[in-house]
Structures are given as structure tokens and as C-alpha cells.
Amino acid sequence: MNLDTSIEFLKGIGTERAKLIANVLDVRTVEDFLHFFPLRYLDKSKVYKVADIKEDNIEIQLKGRITELQEVTYAKGKKRLSGKFTDGSGTLDLVWFQYTKWMLEQMPINREVFIFGRVQEFNHSFSMAHPEIELEDKKSVDERLRPIYPSSEKLTKRGLNQKFFQNTLANVVSQIPNLIQENLPFSLMKSLKLMSRQEAYLNIHFPLNLDYAKHADRRLKFEEAFFFQLGYALKKNYNKSFAIGNPFPKVGDNFNDFYENFLPFELTDAQKRVLKEIRNDLKKPIQMNRLLQGDVGSGKTMVALLAMLLAMDNGFQSCMMAPTEILATQHFNSISDLLKETNVKVKLLTGSTKTSERKMIHEELLSGELSILVGTHAVLEDIVQFKNLGLAIIDEQHRFGVAQRAKLWAKNKIPPHILVMTATPIPRTLAMSYYSDLDVSVIDEMPVGRKPIITAHRREKDRLTVYNFAKEEIAKGRQVYFVYPLIEESETLDYKNLMEGFEHISEIFPVPDYQISMLHGKMKPDDKDAAMQYFASGKADIMVATTVIEVGVNVPNASVMIIESAERFGLSQLHQLRGRVGRGAEQSYCILMTSDKLSAESRKRIKTMVETNDGFKISEVDMQLRGPGDILGTQQSGMIDFKRLDMINDGNIIKAAKSTVEHLIKVDSALQNPEHLNLKNYYIKQYKGKNKWGKIS
Ligand code: ADP
Ligand code: MG
């Protein structure tokens, strides 16, 4: 038997059962079986008394006699087997819905037995269905706890019950000395108090006691976190040894002049800190690959601008890319506004930039006259060439793929430094792992004076009140968003939804008292611009829109966000949408309109939104609801397909693994120390082909 042995060759399985198990449980090899972990354990060292049963739905062991047994017809053509069990302290009903004649005949009536199973309460009395029965004199002494494996009715019906799994796993586990090799250095296990790998696999299936099970769990989780981190650390190390970058040693006039004279506000401590982190990277002759995480409104744009000025001070150009035209335009507007008193030249390049303007931009980029280019994907086109691109900033990274990042690299002989900005906070533990190939900076503090947005959940019956509230706010001079969900399956439906909404809103908020602007994805860029402008300038009181306004739109006077059919939005989307308000000095509100019937998951999403403004908390709930794979996109989910490690609850283990790996890489980055041999071999075997860093082999 080795790890790759097909389970059909295991005792008691065979071709048919192997197929069934593979289909239902996705277990195909001995290794899969080792990773087929118990849901929980039964402690058979305890014996309960019938009189002590107070709680429903627990699994227990009792010792006594089965005193009665009979077949009962309980529906047309349906029979069950019904019995009574007593241990002197009381009587418990036993029931079998499936049974054979043989069972009926063999039942050890009136003999001392142990019975074992789950008690259930029906009509104020307890019963146990399908108990396991063992004669007292035959009972094996159980040293270890018994594992209970995930199973299904389909399997149980075919005889693949807990006993089957327990026996099969006992068989596999007995081979552990031949199957499992240690993959961590002894000194490490000692210092971190980790169980050996063999012990861990034994105790995760058949623990000596619950404490052993816990230790086994910790060891297996640590191992997963460790090798995952190691993969990234080696890759990062490998990249760094190649990724030369242009050092920016100077802080010069452009930066200083702006910082001293034109900074419109004091930077928050968090902004200062991340700026320092960026600056430290830029000083080195190594390409920066940094992720800047910060909740909506935390002030990432200013950090980006200051970094671009640093590039300029060192003789380099910068570009900043955003995923949509609206967003790029907005970045351009706010950056050129901030720089209007300086000599720094900034231009905007998008899909709808006119040919003549485009030509001019191309020329000025080549001559070096243009220092900062803001744009959309248009910036990536091959025809866009720089004289000396030193820094590329990508806003909202989730929408740009790795391939596109790579295109940016090629824009200069020595690749530009890369700063990726994201407002979609992902849980810290996930970031630590997933972004291990990027260095991470976090802005975890909002500019002072921001009032937390008040969020409320409202239903159809409250609609009039909601409209009246919007009217009151408009009367105070504020502006209001109405957002309608995108209907992914049907763009037509989507449009209809929005148009109906628009008409409805137009009736409730009629001209000339109210001006309404509308924005959706199907509009021409010029029309979008005009609609946006109409609202941003304050001419329109209301903006009716689809989620195109989700990212980055900045209208500080807008203080009410009303989201229609909010149950149809994902959590991070709701959070992004809410981030469109609360950008000014006024108290802002977000109103989540839903239908009356909500699924449990929708209710959880809405409740979370109402309870917190903290993007990190929201992303944690999001991850619990959807799983990390969905958050990062299916492409990446395979990489974080952990067997035991839980990204949310195992933060401490992930942290420990990360610092262990960092230390390891520092002292032996090529894993040449003989003590690291098993670790290196395991890594190579495990990650062959998955990680193209290829340095050690
Ligand atoms: P985001 O991180 O979502 O991109 P922005 O960069 O758009 O946030 O900043 C949001 C708003 O906060 C902008 O209006 C910006 O001018 C303002 N802002 C940024 N930093 C500060 C600060 N330190 N103090 C006050 N306002 C700030
Ligand atoms: Mg932004």
C-alpha cells in the first residue's frame, strides 16, 4: 500500500464500492482516505444512564438489556422494528426503519449489551434509532476515541456505514509508518511543540483523547500554512533576485513643493506609515510589488499621487490605471485639481480619447514631457510607449489580471515599480497568504471628522417613509443615489429594471422640484460623463444608477444611498456602494430596500451591513458565507484549497507559519542545510508544476 494506491484494492472495498465512494466522497486513493477527516469523535469510555438523558440529539453509550422487540406497521406497506431498552434507571425506545429478517432473529434479547447511538426526543420521550449493539462479553476495550466520518444516506444504504469507514481507516492508519514521512525539521517541531506527522495522522483519525485530537489538528494545519507560505516566500525570493528595479533615492522638489504648499489636509498616521513603506521600497534597486489595501474613503489616491511625485523627482514617469472610464476620469480630475498650481503635467487616456489627443499623448510620453498618465486599459496597448516609466499604479486590482500586470512590466527595460491599490478589503489572514507574493501595506484609519454612515434595512411597506426621508435630505441641500441591481442573466431585463425605477422615481420626485440624472453601463462614454457631471456639479438631486457607480465615484455632497433589491447584491458590493456616501462632512445614510422574504444568507448579509462599517469585518463574513475561493475568483481558489486550515479562524497558526518561513528563508533560502532536506523534498513533490519559481530543485 502506498499513498497513490487506489482504494479499490483496500480490504472490503473492490471496484463497485470504490466507484461509489469516489462519486460521493471524492475519495480515490489511500492518500485521499488519510485526508478524509472525521467530523467528530465518540468517547466510548463513558456509559450513560437512561435516567440521565436530558438532552436531545446527542450520541451516547448505554449498558442494559433489550427487553422487547416487535415489527410494527406504521403506514401502508411500511414496517419498522420497535424495541425497548432498560438499564434499571429507566426505559428507552429503540427503532429501526430498515432492518433484515436476520437482524430480527439475531437480536440479543434480554442479554447484557452496550448500545450506542443518537437519542432523539419525540412526544416528550427519548428514543434511539438504529443503535449499534455489542454484547457485553464481546466488547473490545476501546483505548482510543471513535471517529465519526461524514457520510450520506446513499452510502449507508449500500452498507458503507460508520463501522465500514472506521475499519477501513483503521486499516489505512495501521500503515502510517510506511505511508507518512516527516516533512518538518525536528528542531522546528520541538520549538513549536508540534506533534510528529505520523502521530498527527494517527490521532486525527483515532485520538487517544480529545487533547491529542487538538494537537493533531494544529500540526496538520500548521503544515498546510507552512508549505503554502513557503511556496510564496521562495517565489518572492526568486523574483527578487531577478527583479531589478530603478532605485528612487531622492526626495526632490516636486514632492517637497507639493507636500509643503498644496497638500489640502494633514495626512493620517496610516497614510504616513504606508508612504514610508512605499518609499523604502522605491529606494532599493529592486522592483517594488506592493499591495495597498485601504477601505473606501481611506485616502489611497493621495498616497498614490505622492508616490508618483517621488518617481518624478528621480527622473521617471508614472501611470495610474483604473478599471472603468468613470473612475479613470475621476482620478484624473482629482489629481489634476490637486496639481493645478504646480508644473506637473498630467493627462488622461481612455478608450474614448480622441485620435488627435491620443497622438499628442503618445508623443509627450516618448519625449518625457508628460510625467503622469492616468487611464484605463488603454494604457496597456503596445502603441503606448514611455520614455522612462518608473512607477505603475493599478487601482482596484480585482479587475486586472496577472497578464495585464505583466504587460506593464514590459513598458520599460527595467520594469517599473508596481503599486496595486484595492478597496475591497480581504480578511487579513487571507491577505497574508494570498498576497504573499506582494508586500502589503494597509491604511487602517479614516481621515478625521468622518461620521460613520448610518445603515438601515427597510421593506416595501416602508417605501413611502423612505421617499419622504429622501425628500427631507434633498430639502437640506443633500443629494441621493438610487441603485438598482444588475441582472446578470439579462441585460435587457437589467435595463428594464432601471428604466422602470427611473420612471417611478420621476413620478415620486417630479420636475421642476427635483432634477434626476441616470447612469448605466450601456450608455456612451460622453453621455455617461454628462450624466455624472450633472450629478457631481449638484444640478441633479438624484442619481438613478446601476452598479456602474460602484467603484470610486466621489460626490461628497451625496449623503443618501438607497439600494433597491439589496438582497440581490453581494456583501462586498454593498459595502462598495455604501462607500459612495459618507464622503463629506454631513451625516450620511444607506438604506437597504428588500422584499419581505429573505433567505437566511441574504438576511445575514443585510444584518452585517446594518451592524458594521468596517470593511475588514464585512469581508470576513463574506468569506464565511462564500468561501475564500469565491472571493478571490475561481482562478485562484485551487491555491487556497486547504484541507484543514481555516482562513478565518486560524489566524494565529497562519501567523506562526509565516514568521517561521520568513526565518527559514533568511537563514537558508536555497534549503541546503541537511536538516531541511525532508522539507525541501516534500515541497518539490507537493508543488511540482504548480509554482513556477523553479530555483531549487
Ligand atoms: P479611496 O481610498 O477610497 O480611494 P480617496 O483617495 O478617494 O479614497 O479619498 C477619499 C476622500 O478623502 C477624498 O475626498 C480625499 O480628498 C479625502 N482625504 C484623503 N486623505 C485625507 C486626509 N488625510 N484628511 C482628510 N481628507 C482626506
Ligand atoms: Mg479610490
Residue tally, condition in contact with a strand residue (DSSP E or B) (Cβ under 8 Å, 6 or more places away or on another chain), within 16 Å of ligand 2 (Cβ to nearest atom) and touching a residue at least 60 places away in the same chain (Cβ under 8 Å), over the stretch 548-594: 11
Pick from the stretch 594-643, criterion at pLDDT below 85 and among the aliphatic types (A, V, I, L, M), ranking: nearest to R458 (Cα to Cα): L625
Q70, sole failed condition from (1) assigned to a strand (DSSP E or B); (2) surrounded by 14 or more Cβ atoms within 10 Å (Cβ to Cβ): (2)
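Conditions (1) more than 16 Å from ligand 1 (Cβ to nearest atom); (2) not small (G, A, S), marked per residue:
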position: G521; (1), (2): yes, no
position: R568; (1), (2): yes, yes
position: Q576; (1), (2): no, yes
position: S595; (1), (2): yes, no
position: V610; (1), (2): yes, yes
position: N613; (1), (2): no, yes
position: E620; (1), (2): yes, yes
position: L625; (1), (2): yes, yes
Qualifying residue in the stretch 199-214 (condition: buried (at least 22 other Cβ atoms within 10 Å of the Cβ) and touching an Asp or Glu at 6+ places or on another chain (Cβ under 7 Å)): yes
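Would you be able to tell me the number of residues in the stretch 547-566 that are among the hydrophobic types (A, V, I, L, M, F, W, C), within 16 Å of ligand 1 (Cβ to nearest atom) and crowded, with 23+ Cβ neighbours inside 10 Å? Walk me through how you get there before you give the answer.
Of the stretch 547-566, the ones among the hydrophobic types (A, V, I, L, M, F, W, C) are 548-549, 551, 553, 555, 558, 560-563, 566.
If we keep only those that are within 16 Å of ligand 1 (Cβ to nearest atom) as well, we get 549, 551, 553, 555, 558, 561.
So of that shortlist, the ones also crowded, with 23+ Cβ neighbours inside 10 Å come out as 549, 551, 553, 558, 561.
Count: 5.
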Test: residue in the stretch 300-311 that is surrounded by 19 or more Cβ atoms within 10 Å (Cβ to Cβ), over 20 Å from I372 (Cα atoms), of a type outside the set (G, A, S) and in contact with a Leu (Cβ under 9 Å, 6 or more places away or on another chain): no
Cβ-Cβ under 8 Å pairs, at least 6 apart or on other chains, the stretch 144-156 side on the phi < 0 side of the Ramachandran plot, far side hydroxyl-bearing (S, T, Y) and at pLDDT 85 or above: L145/Y41; R146/Y41; P147/Y41; I148/Y41
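Out of curiosity, is V344 β-branched (V, I, T), part of a helix (DSSP H, G or I) and more than 26 Å from the chain's Cα centre (by Cα)?
Details: β-branched (V, I, T): yes; part of a helix (DSSP H, G or I): no; more than 26 Å from the chain's Cα centre (by Cα): yes.
Spelling it out, it is not the case that V344 is β-branched (V, I, T), part of a helix (DSSP H, G or I) and more than 26 Å from the chain's Cα centre (by Cα).
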Among the candidates L309, L267, L282, L305, residue that is within 16 Å of ligand 2 (Cβ to nearest atom) and outside any loop (DSSP other than H, G, I, E, B): L305
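Please determine whether any residue of the stretch 564-573 is closer than 20 Å to N468 by Cβ and either modelled with pLDDT of 95 or more or of a type in the set (A, V, I, L, M, F, W, C) (or both). Walk me through it before giving the result.
As a first pass, look at the stretch 564-573 and keep what is closer than 20 Å to N468 by Cβ: 564, 566.
Checking the rest, the ones that are also either modelled with pLDDT of 95 or more or of a type in the set (A, V, I, L, M, F, W, C) (or both) come to 566.
Within the stretch 564-573 (the criterion being closer than 20 Å to N468 by Cβ and either modelled with pLDDT of 95 or more or of a type in the set (A, V, I, L, M, F, W, C) (or both)), the answer is yes, since at least one residue qualifies.
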Selection count where residues are farther than 14 Å from L438 by Cα and within 27 Å of the chain's Cα centre (by Cα), scope the stretch 276-295: 2
Options S356, S318, S336; residue that is small (G, A, S), part of a helix (DSSP H, G or I) and away from ligand 1 (no atom under 14 Å from the Cβ): S356
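Would you mind listing the helices (runs of 4 or more DSSP H) fully within the stretch 162-262 where at least 2 residues are under 28 Å from the mean Cα position of the chain (by Cα)?
Values: elements: 162-173, 176-179, 186-191, 197-205, 210-242, 253-261.
Fully inside the stretch 162-262 and qualifying: 197-205, 210-242.
Would you check which residues across the stretch 80-116 are among the basic types (K, R) and within 26 Å of D43 (Cα to Cα) and list them? Walk me through how you get there before you give the answer.
First, the residues of the stretch 80-116 that are among the basic types (K, R): 80, 84, 101, 111.
K84, R111, listed by residue number.
Out of all the residues in the stretch 497-546, which are in a helix (DSSP H, G or I), touching a residue at least 60 places away in the same chain (Cβ under 8 Å) and in contact with a helix residue (DSSP H, G or I) (Cβ under 8 Å, 6 or more places away or on another chain)? I'd like the intermediate steps shown before the answer.
Keep residues of the stretch 497-546 that are in a helix (DSSP H, G or I), which gives 497-508, 525-536.
Those left that are additionally touching a residue at least 60 places away in the same chain (Cβ under 8 Å): 501, 525-526, 528-529, 532.
Within the stretch 497-546, P525, K528, D529, M532 meet the criteria.
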Extreme residue, surrounded by the most Cβ atoms within 10 Å (Cβ to Cβ), among residues of the stretch 285-299 that are hydrophobic (A, V, I, L, M, F, W, C) and within 16 Å of ligand 2 (Cβ to nearest atom): L292
Residue satisfying condition, being at pLDDT 95 or above and of a type outside the set (G, A, S), within set E363, E325: E363
Selection count where residues are near ligand 1 (Cβ under 9 Å from one of its atoms) and acidic (D, E), scope the stretch 263-306: 2
Failed item in (1) within 16 Å of ligand 2 (Cβ to nearest atom); (2) modelled with pLDDT of 90 or more, with E357 passing the rest: (1)
Breaking point among (1) more than 36 Å from the chain's Cα centre (by Cα); (2) crowded, with 21+ Cβ neighbours inside 10 Å, for S318: (1)
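The values are calculated or read from the model by the stated rules, or taken from the named source; none is laboratory data. It should be emphasised that the depicted structure is a prediction, and the values quoted were computed from it without experimental measurement. When we count neighbours, we look across all protein chains shown, and the Cβ atoms used for this are built from the backbone with ideal geometry, even at glycine.
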